Amino acid sequence: MNAQLQYIETNKDRFLSELLELLRIPSVSADNKYKTDVMQTAKFVQQKLLEAGADRVELCETGGNPIVYGEKILNPALPTVLVYGHYDVQPPDPLDLWHSPPFEPVVKDGKIFARGACDDKGQMYMHLKAFEMMMQTQTLPCNVKFMIEGEEEVGSENLEPFIKENTDKLACDVILVSDTSMIANDVPSITTGLRGLAYMEVEVTGPNRDLHSGTFGGAVANPINILCNMIASLHDQNGHITIPGFYDDVAELSPEERAAMNQRPFDLQEYKNYLQINDIHGEAGYTTIERVSIRPTLDVNGIWGGYTGQGAKTVLPSKAYAKISMRLVPNQNPAKIARLFAKHFESIAPTSVMVKVTELHGGEPAVTPTDSIGYKAAAKAMQATFGKMPIPTREGGSIPIVALFEKALKAKTVLLGFGLDTDAIHSPNEHYGLFNYYKGIETIPYFYKEFTEMWKQA
Ligand code: BES
Ligand code: MN
Ligand code: MN
């Protein structure tokens, strides 16, 4: 056994208990009541980076949650890997659907169950432990910088200015991120694309107050009825989005590219069984793999208004609301799409109501190349530890900051994720496999080694 594997073996239990400790702190960025927990989580990460052997470890103040920074510069003549991850998590609700409390991690059936287990505490922490292992076994082959933020789940608004103001501090040759998934534990893959996002909230107002639905119903617009009609009209019979200009900038893939991406293992029956659905649903002319990666979408995330308490209340509500998000693909621009949405939504409102459209946040789509040395090093690393070459895959989720990395830091990003689509991220009972956690820790040092070698040759 090599020294690195030996080190994992010896420290396995501590690697796990430290992650469980991290998972116990409820760092929900969306909800202000967790502010002190978020702060405590940042300090935990800072402390662990320091213990692992990083220098200049600090909490960088932002307009919001702090960014944890740390580095190990061996020699300026060597390449530098910048590790990005996030310590914040999604809200845990609905709480009653969890089999164990979201912030009291349990290990069951070889998996760690807790909010953030996979997204992204578990995946981020692999990098700290891989770094510790390289330091302790004297096998760190290059420089490394860590930038761990606390606002990814709310749009990374403060990270953007931080990066722009600190391009020298963050200067690097590659950005390494583990915040995505792979196809299966025996089918390694590397993510080569993420979708963007335009997130909107709409408010439809009918009469100036809630009314008796018998006295006024039938003669005055019901904003909930109207909102439902408006939303329904946003897709046509073929599942295409009806907003004028929505598809104008969508990059179409060649038939060859589409054929290649559909080669990846995918079992539709298994997919349906897992979700307990009788049938799938989506845009005509595209496969499920394509629908969740290279095609843009529009979804209602939440809709509310009127009476939703116990029993029946006969009411014609004054207002109706919905949160609507659109996943975007290259070369759609979130700001432009938000404008098109607002214009269209206002235009389809009947004169009997008033509508207000607000943009909540956005993020650009990203594609990462497969011919960069970063990608090649990651592929070799996975081959070394999984015994198989990984498959490049484009994913449907978003990491808004990735698009900025290339522009601001002039370096390519490698999306080396170890999660699975079945890990229930953002859902009740989120989990992360012990296999995945340890495999990640084992694989990451190979990336450093391969990247450094290829960089020296290039
Ligand atoms: N780690 C996810 C993104 C992700 C998930 C990428 C699965 C690929 C596969 C990230 O934490 C996330 O949830 N991002 C948000 C975007 C944000 C602006 C709220 C998302 O995709 O909804
Ligand atoms: Mn994430
Ligand atoms: Mn997330």
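The values are calculated or read from the model by the stated rules, or taken from the named source; none is laboratory data. Owing to the predicted nature of the structure, the values given are computational and were not obtained by experimental measurement. Neighbour counts are summed over all protein chains in view; Cβ atoms, including those assigned to glycine, are modelled from backbone coordinates with ideal geometry. Remember, those area values only see protein heavy atoms, side chains included, never the ligands or the DNA or RNA. Shrake-Rupley method; radii C 1.70, N 1.55, O 1.52, S 1.80 Å.
When residue 417 is tested against (1) part of a loop (DSSP other than H, G, I, E, B); (2) open to solvent by less than 10 Å² (accessible area, probe 1.4 Å); (3) more than 15 Å from ligand 2 (Cβ to nearest atom), only condition (3) is not met. Out of all the residues in segment 85-122, which are among the basic types (Lys, Arg) and either closer than 28 Å to residue 147 by Cα or within 16 Å of the chain's Cα centre (by Cα) (or both)? Residues satisfying the conditions are 111, 115, 121. Within segment 381-414, if we keep just the residues that are within 13 Å of ligand 2 (Cβ to nearest atom) and open to solvent by 20 Å² or more (accessible area, probe 1.4 Å), the residue that is modelled with the lowest pLDDT turns out to be 400. Selection over segment 172-208 of residues that are among the aliphatic types (A, V, I, L, M) and within 14 Å of ligand 1 (Cβ to nearest atom) gives a count of 8. Where residues in segment 82-104 are open to solvent by 30 Å² or more (accessible area, probe 1.4 Å) and under 18 Å from residue 27 (Cβ atoms), which of them is nearest to ligand 1 (Cβ to nearest atom)? Checked segment 82-104; the qualifying residue nearest to ligand 1 (Cβ to nearest atom) is 90.
Of the residues making up segment 126-163, those that are open to solvent by 10 Å² or more (accessible area, probe 1.4 Å), more than 16 Å from ligand 1 (Cβ to nearest atom) and touching a Leu at 6+ places or on another chain (Cβ under 8 Å) number 3. On the given criteria, is residue 203 within 16 Å of ligand 3 (Cβ to nearest atom), among the acidic types (Asp, Glu) and over 30 Å from residue 263 (Cα atoms)? So residue 203 does not fit the description; no.
The set of residues in segment 247-296 that are charged (D, E, K, R) and exposed (fewer than 15 other Cβ atoms within 10 Å of the Cβ) comprises 248, 252, 256, 257, 264, 267, 270, 272, 279.
Of all residues in segment 388-411, those that are over 10 Å from residue 189 (Cβ atoms) and within 16 Å of ligand 3 (Cβ to nearest atom) total 7.
All of (1) away from ligand 1 (no atom under 16 Å from the Cβ); (2) open to solvent by 70 Å² or more (accessible area, probe 1.4 Å) hold for residue 359 with one exception: (1). Of the numbered criteria (1) among the acidic types (Asp, Glu); (2) open to solvent by less than 10 Å² (accessible area, probe 1.4 Å); (3) away from ligand 3 (no atom under 16 Å from the Cβ), the one residue 120 fails is (3).
Residues in segment 14-30 that are among the hydrophobic types (A, V, I, L, M, F, W, C) and assigned to a helix (DSSP H, G or I) were compared, and the one that is surrounded by the fewest Cβ atoms within 10 Å (Cβ to Cβ) is 20.
Go through segment 120-228 and tell me which strands (runs of 3 or more DSSP E), entirely inside it, have 3 or more residues that are in contact (Cβ under 8 Å) with a residue 12 or more places away in the chain and under 27 Å from residue 31 (Cβ atoms). Passing ranges, in order: 143-149, 196-205. Answer yes or no as to whether residue 221 is open to solvent by less than 30 Å² (accessible area, probe 1.4 Å) and in the same structural domain as residue 357 (by TED's automatic domain parsing). Answer is yes for this residue.
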